[in-house]
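Just so it is clear, none of the values below were taken in a lab; they were calculated from the coordinates. All values derive from a computational prediction rather than experimental measurement. Every residue, glycine as well, gets a Cβ built from its backbone with ideal geometry; the counts of neighbours run over all protein chains shown.
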Amino acid sequence: MAQEIYDTIIIGGGPAGAASAVYTARKKLKTLVITQDFGGQSVVSAGIQNWIGEENITGLDLAKKMENHVRAQERIEVKSPERVTEAKEGPDCIFEITTEKGETYRSKSLIIASGARRRRLNVPGGDKFEGKGLAFCSTCDAPFFKDMDVAVIGGGNAALETVIDLFPYAKKIYLLIRGEDLKGDPVSQEKVKQSSQVRLIQNVEVQEILGDKTLTGLRYKERKQGETKELSVGGVFVEIGSVPNSEFIRNLAETNEAGEIVIDHLTAKTSKEGIFAAGDVTNDPFKQNNISAGDGVRAALSVYNYLQKIKKHSPCEERDTNDTI
């Protein structure tokens, strides 16, 4: 019996993946969604206040709404929790997706919405003290640091949100940034700068996480003066950006030096015909939930246009013509 071929496979369950799925369903495309979980990186946020239509919503609640919306669609099949490990093109120009469970799925097109993951702190002690004082999720772990001095590493929105999450718990919060200025949105910056709990340490590079059985502090270097100093803290939260989850697709689609999938921002097309991408896994400069959702819609509509073009021809024949959408 021949293996079933989907119209499209969507990889990812964050805002981009969920929005793509809703729109491919509305276009009556036979769709498979493969994702480890729903919600994307914001699932750990205690309060999201810029998701359009919601004054304030937790990351977990938003993730559940996304999942429910996707599962309510007809012609949508969901494999979750499941992680894609390989993508390749078969001899008939049908894409083949393999998961960590050893399952293989085939599709005429792909939408890569696999998002990104937290960047680790690549210094001595960074791995050793994960879960022993070094953390990445303030929503999950902030209560464990009640009445302690804590350091937060990073200067973007995620770092500022972490500082704010720590306000009810930490005694003192040291915010360490590599540059001169914070990069988060002005509202969050104002909250952080006005707090007497926070001490901003600028132009520094963290060199080591210190401790024995548990974390006791960190060592950093002042980038201008070159002086090395130690900071005594009971916890460290790392918020230094993200790494795109694109490893499985790099053999098929072009990525930049950061590993982001390079797309045509008008169509969400990648360098490979039949593969589209959306959200934080791409080279879109604005890593925002609302933008990712819009990108997902764009990718879904572009997939529909692409499939209409190959309806009367094999995918191989269509790709040889070098047509554009």
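Brief remarks on what is shown
- Inter-probe distance in nm under a simple model that places probes 7 Å from Cα toward Cβ, at F144 and Q225: 3.3 nm
- For the stretch 78-84, Karplus couplings with θ = phi - 60° (6.51, -1.76, 1.60), whole Hz, Gly/Pro x: 10, 10, 7, x, 7, 10, 7
- In order through the stretch 46-59: 3J(HN,Hα) via Karplus (6.51 cos²θ - 1.76 cosθ + 1.60), integer Hz, x for Gly, Pro: 6, x, 9, 10, 10, 6, 4, x, 10, 5, 7, 8, 6, x
- For G241, the residues whose modelled amide H falls within less than 5 Å of its own, excluding neighbours fewer than 5 places apart on the same chain, are R119.
- Cross-link pairs K128/K193; K193/K287; K101/K128 - those with Cα-Cα distance over 26 Å: K128/K193; K101/K128
- Annotation: amide H-H contacts under 5 Å for E89 (H modelled 1.01 Å from N, sequence separation of 5 or more, or interchain): E96.
- The string of couplings for the stretch 6-18 from the Karplus curve (6.51, -1.76, 1.60, θ = phi - 60°) is 7, 5, 8, 10, 9, 10, x, x, x, x, 5, x, 5 Hz, one whole number per residue in order, with x for Gly and Pro.
- Backbone amide hydrogens, once placed in the peptide plane, bring I111 within less than 5 Å of I9, I10, I11, F276, excluding anything fewer than 5 places away on its chain.
- Within the stretch 134-238, DSSP assigns beta bridges of which about 45% are antiparallel (rounded to the nearest 5).
- Listed options for Rg/Rh (Cα atoms, Kirkwood Rh) are (i) 1.07; (ii) 1.04; (iii) 0.98. The value calculated from this structure is the one marked (ii).
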